[in-house]
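The values are calculated or read from the model by the stated rules, or taken from the named source; none is laboratory data. Computed from a predicted structure; not experimentally measured. Cβ: placed from backbone, ideal geometry, glycine included. Neighbour counts: every protein chain shown.
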């Protein structure tokens, strides 16, 4: 890539985490703050939970993170991705956290040049793109990730330059802040609903349909007993 | 079991180089899409669960890297979590929101501001990057499934509140009426 391009934020992992000014051309320096050293127009409002407002749609929050990966990272990550894809139960912990709608990890090794031949330009380093659609607060999200998925964090980001480890969370949050890119536009098809609400609704709907089918032929006495049992069984979905 | 459909959610990742002179206008356009309370144009594209546009100005260079890695262009990242297949979704997006799509990707290198629907679909497909690992909390549910079930849940909550004082007989009649087969 172009070695003279000044469009850069240079972050020393240690100084960024200490909250000092990172190296780099003066007009490009960005100081890690509560809302991060991430790429934006520099004029973004943020919520009390540390989320920039353009990363929000209702209760849904977007996070987009690029990290630079060591040469061996793609080999390791491909094995990891293959294992996790083949053994979906290994993602149970992620599912149990119950605040992530969708997430993805993508290795970016080259980019389209935008020419008519549709050629691609190879990057000097591979980069790991992580995006998540979740609900809750940014800080709580990273905390949960760090404490519950500590080994997982090392598996995903251990090959990235500057990864400080998942714990203590302060350093990891600074790392994510420094590598996060703000959305210019974010959309959710059901912005008022959390992951738990969606999963609950998907579980509840067939239960309602099944109970309704049986209710048609029930006596009042039978309905009274079964209605109570139905509500008890469905209470976790309401 | 209406909500269990054959649809499987898929990730779409598109990275397009932004023409240097167009970046500020593109950023302004994207950030203004919801001005005056307008809905996102993505709300018209059926099968969109969550999506975003992100302008990537540079990669953060960590000091532990032996070499810096600069971008020649700023890139527009578009990601969407969609009801598959992805190819059909891209075609749908190009058809349903062509005017907005021209304003967005027409500012990218290799895409004309007057691009046709078919040309745009081909352009976006050529700019796709394969996703390594995709997680979905509800991989078998389409957007319509999710909305339908959320509606059922809301109605059920209201129903339980409304019928607390009713007799079993009245509750049964009301339930069958509220949730028709």
Quick count over region A:194-218, residues being under 19 Å from residue B:171 (Cα atoms) and either touching a residue at least 12 places away in the same chain (Cβ under 8 Å) or in contact with a helix residue (DSSP H, G or I) (Cβ under 9 Å, 6 or more places away or on another chain) (or both), is 11
Selection count, region B:3-33, where residues are at pLDDT below 90 and either within 15 Å of the chain's Cα centre (by Cα) or facing chain A (nearest Cβ under 7 Å) (or both): 2
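A quick yes/no check of all residues on (1) farther than 22 Å from residue B:27 by Cβ; (2) over 19 Å from the mean Cα position of the chain (by Cα); (3) touching a residue at least 24 places away in the same chain (Cβ under 8 Å):
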{"site": "B:99", "(1), (2), (3)": "no, no, no"}
{"site": "B:115", "(1), (2), (3)": "no, yes, no"}
{"site": "B:121", "(1), (2), (3)": "yes, no, yes"}
{"site": "B:125", "(1), (2), (3)": "yes, no, yes"}
{"site": "B:132", "(1), (2), (3)": "yes, no, no"}
{"site": "B:142", "(1), (2), (3)": "yes, no, yes"}
{"site": "B:148", "(1), (2), (3)": "yes, no, yes"}
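From the set of residues in region B:162-181 that are at the interface with chain A (Cβ under 7 Å from one of its Cβ atoms) and farther than 21 Å from residue B:151 by Cβ, which is surrounded by the fewest Cβ atoms within 10 Å (Cβ to Cβ)?
Ranking the candidates gives B:169 first.
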Which of the residues belonging to region A:164-192 are crowded, with 22+ Cβ neighbours inside 10 Å, part of a loop (DSSP other than H, G, I, E, B) and at pLDDT 90 or above? A:182, A:189
Inspect all residues belonging to region A:78-88 and state whether any of them is in contact with a strand residue (DSSP E or B) (Cβ under 7 Å, 6 or more places away or on another chain) and touching a residue at least 40 places away in the same chain (Cβ under 8 Å). no
Any residue in region A:51-69 that is farther than 17 Å from residue B:54 by Cβ, more than 10 Å from chain B (Cβ to nearest Cβ), in contact with a helix residue (DSSP H, G or I) (Cβ under 7 Å, 6 or more places away or on another chain) and at pLDDT below 90? no
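Within region A:222-237, is there a residue that is closer than 26 Å to residue B:134 by Cα and surrounded by 15 or more Cβ atoms within 10 Å (Cβ to Cβ)?
yes
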Inside region A:129-138, the number of residues satisfying the requirement of being buried (at least 19 other Cβ atoms within 10 Å of the Cβ) and part of a loop (DSSP other than H, G, I, E, B) is 1
For residue A:141, indicate whether it is under 30 Å from residue B:144 (Cβ atoms), more than 11 Å from chain B (Cβ to nearest Cβ) and either touching a strand residue (DSSP E or B) at 6+ places or on another chain (Cβ under 6 Å) or part of a loop (DSSP other than H, G, I, E, B) (or both). yes
Selection count, region B:122-144, where residues are touching a helix residue (DSSP H, G or I) at 6+ places or on another chain (Cβ under 7 Å) and within 20 Å of residue B:43 (Cβ to Cβ): 3
